[in-house]
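The values are calculated or read from the model by the stated rules, or taken from the named source; none is laboratory data. Because the structure is predicted, anything quoted here is derived from the model rather than measured. Virtual Cβ from ideal backbone geometry, glycine too; neighbours counted across all protein chains shown. Side chains included, ligands, DNA and RNA excluded: accessible areas come from the protein's heavy atoms. Shrake-Rupley method; radii C 1.70, N 1.55, O 1.52, S 1.80 Å.
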Amino acid sequence: MSRTQFPVDADAAVADVADGSTVLVGGFGAAGQPVELIDALLRQGAKDLTVVSNNAGNGDLGLAALLGAGRVRKIVCSFPRQSDSWVFDELYRAGRIELELVPQGNLAERLRAAGAGIGAFYCPTAVGTPLAEGKETRVIDGREHLLEFPIHGDVALVKAHVADGVGNLVYRKTARNFGPVMAAAARTTIVQVSEVVATGGLDPENVVTPAIYVDRVVKIEGGAA
Amino acid sequence: MSVEHLDRGPLTKDELAARVARDIPDGAYVNLGIGRPTLVADHLSPESGVVLHTENGMLGMGRAAVGDEVDPDLVNAGKVPVVETPGASYFHHADSFAMMRGGHLDVCVLGAYQVAVNGDLANWHTGAPDAIPAVGGAMDLATGARAVYVVMPLRGRDGTPKLVPRCTYPLTGVGCVSRVYSEEAVVSLRGGEVVVEETWGTSVAELRDLLVGLTIV
């Protein structure tokens with residue numbers, strides 16, 4: 001019997017997300033964005049959230065809708081400004097959302113470090129730029145590095161492709177993106193999939209996220225492939 | 001020795017992309033930035049063995065998808081649908097950036113607001129008070145790729161040079177750019193000097209007049 005739970009729907013999956021939570025939201029633009037889980041979180045009503053995601057929402061749906069509803073106090077991301085990020089743009093210009101801008105590789109690695117129990121790491125990315133301000137530095141092998149700290153989530157919302165009966169996951173093409181590192185970096189990882197197969201239905205050689213990182217799996221009927 | 005092509009005008013966008021492609025070694029692992037650098041892909045032949053990396057988790061990225069090929073789960077760094085090539089692989093974001101940051105990418109081609117003669121790159125933020133900053137993977141690429149090529153016009157919209165003694169925009173990376181490709185000239189940055197490789201519709205002497213404060217050889 002697996003510890004991973006299979007709630008009946010997205011609303012049940014996110015029912016206990018608390019106000020003030022740090023929520024890791026997978027996806028690169030729309031690819032891999034767990035839109036149905038975000039919609040459920042919007043209905044659930046949690047507020048004062050810190051969201052960690054590569055982008056700051058596209059169009060009016062998904063993450064953009066959560067921002068637009070005023071539920072997000074702070075966003076940690078690498079690329080907020082896009083042609084269709086008008087919801088974020090307006091909040092930011094009005095001073096109604098805090099932005100921590102993180103180079104994309106540091107975002108991924110800080111999440112990975114959180115999942116792997118790494119206390120911090122040194123990396124040369126952003127040395128000599130405004131994003132280095134206030135960071136501890138150290139010269140290693142003659143090159144300046146910045147000290148980067150992990151990003152832990154209270155909750156991760158991830159979109160995968162297929163789960164098996166114990167909660168192992170595979171993803172689809174570039175929709176994988178932040179899913180595996182976010183799944184490991186959060187205390188509670190909630191995953192939406194378009195298909196659940198019987199235990200044994202995934203080749204163990206090909207499992208991308210092992211079930212140990214997965215707390216809840218919800219199948220989204222008719223969800224995009 | 002610079003080659004001057006004075007019998008013609010500057011390169012077209014496609015000719016420029018082809019010129020960049022010519023400098024990419026066969027078999028190289030390459031990341032092409034969003035915008036004009038993406039055009040370089042159209043000029044890389046399958047026989048070259050060049051493998052394209054996209055930061056959102058793929059090696060072996062193919063051309064833009066058309067018609068039924070469009071798949072929302074398969075996009076490039078600019079969120080444009082693409083196709084996969086035989087031998088492609090997918091991986092998560094930390095692995096994708098480990099490829100950059102670990103020095104496994106041979107070349108990245110980026111756009112820029114400004115490049116300084118010492119190789120400093122500014123391409124993510126104008127510093128304007130109302131601008132919303134967005135950095136994406138640019139700093140990781142600038143710092144991690146073994147060679148950083150920049151494709152940009154030599155002048156901005158206001159006519160001022162973009163290849164400068166010292167960047168005035170916030171930096172993306174320090175001392176990272178080795179070559180700049182523009183419609184009028186391809187130059188290498190070496191030892192604090194601008195080494196002109198080839199020009200089109202412009203002489204080296206004219207470049208000296210434009211690029212004030214730089215040592216042009």
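Ratio of the stretch B:9-109's C-alpha Rg to 2.2 N^0.38 Å, to two decimals?
Against the empirical 2.2 N^0.38 Å value, I get 1.06 for the stretch B:9-109.
As an exercise, use a Förster radius of 30 Å and the Cβ-Cβ distance of A:Val8 and B:Ala131 to find the FRET efficiency, rounded to the nearest 0.05.
Values: r = 46 Å, r/R0 = 1.52.
For R0 = 30 Å, the calculated efficiency reads 0.10.
The calculated FRET efficiency for the pair A:Arg138 and A:Glu98, based on their C-beta separation and a Förster distance of 41 Å, comes to about 0.90. The amide H of A:Val217, built 1.01 Å from its N in the peptide plane, has A:Gln5, A:Phe6, A:Val191 as neighbours under 5 Å, considering only residues 5 or more places off or on other chains.
Computing the accessible area with a 1.4 Å probe over protein heavy atoms, can you report the carbon and sulfur percentage for the stretch B:3-210?
Numbers: 4410 of 8550 Å².
Whole-percent figure for carbon plus sulfur exposure: 52.
Solvent-accessible surface of the stretch B:3-210, taken per residue with a 1.4 Å probe and all protein chains present: 41 Å².
Considering only A:Lys173, A:Lys159, A:Lys74, the Gaussian network model of chain A with Cα springs below 10 Å gives its largest mean-square fluctuation to A:Lys173. Only beta bridges with both residues in the protein assembly as shown are counted; by DSSP, about 40 percent of them are antiparallel.
From the C-alpha coordinates alone, can you work out the Kirkwood hydrodynamic radius of the stretch B:3-210, in Å?
Values: mean 1/r = 0.0565 Å⁻¹.
Hydrodynamic radius (Kirkwood, Cα only) of the stretch B:3-210 equals 17.7 Å.
Residues B:Val217, A:Val214 ordered from highest to lowest accessible area at a 1.4 Å probe: B:Val217, A:Val214. A 1.4 Å probe, protein heavy atoms only, puts the accessible area of A:Phe121 near 30 Å². Only Lys, Arg, Asp and Glu carry charge here, each on its Cβ (+1 for the first two, -1 for the last two); on that basis the stretch B:3-210 has a dipole of about 580 debye about its Cα centre. Here the calculated FRET efficiency for B:Val195 and B:Arg22, from their Cβ-Cβ distance with R0 = 22 Å, stands at 0.80, rounded to the nearest 0.05.
Per residue of peptide A:166-175, the mean number of Cβ atoms on other chains within 10 Å of the residue Cβ is 5. Across A:Pro103, A:Pro150, A:Pro130, mean-square fluctuation computed from a Gaussian network of chain A (C-alpha pairs under 10 Å connected) peaks at A:Pro130. Chains B and A together bury some 3300 Å² of accessible area, summed over both sides, with a 1.4 Å probe.
Just the number: Rg to Rh for the protein assembly as shown, Cα atoms, Kirkwood Rh, two decimals. Could you put the intermediate results ahead of the total?
Numbers: Rg = 22.8 Å, Rh = 22.8 Å.
Radius of gyration relative to Kirkwood radius: 1.00.
From the helices alone, meaning DSSP H stretches of at least four residues, give me the mean residue ellipticity at 222 nm for chain A, per-run term -39500 (n - 2.57), in deg cm²/dmol to the nearest 500.
Details: 6 runs with 48 residues, N = 225.
Taken over chain A, the calculation gives -5500 deg cm²/dmol.
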